[in-house]
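The next block holds one structure in the form of structure tokens; read it before the comments.
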Amino acid sequence: MPYKIFVEETVRLKHLITVECDEDIIEYIPDPDDFTEDISDYAYNMLDDIDGLTVLSVEEEIDRYDCDCFELDDIIPCEEGN
């Protein structure tokens, strides 16, 4: 199932990472706040190394987000059709 990970590095710099994995893998996803390098490195080096998890996309510098859908640093299931 695809999940979206919303990350806020600073007040103005936000990222959305979409991953494919089973629900039981979610608990093994490391906190992006603990990662000091570039968010793409976090996604493609740290997350992609987790067995059973595939990074589908990394959207960088998102200007806005739907606050009704998720909170900062939340990991949420994608809605059907997204």
Residue in the stretch 54-66 that is buried (at least 16 other Cβ atoms within 10 Å of the Cβ) and modelled with pLDDT of 70 or more present: yes
Count of residues meeting criterion [in contact with a helix residue (DSSP H, G or I) (Cβ under 6 Å, 6 or more places away or on another chain) and modelled with pLDDT of 80 or more] in the stretch 31-49: 1
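The values are calculated or read from the model by the stated rules, or taken from the named source; none is laboratory data. What you see is a predicted model, and the numbers here were worked out from it, not measured in a lab. No Cβ is skipped: glycine too gets one built from the backbone with ideal geometry, and neighbour counts run over all protein chains shown.
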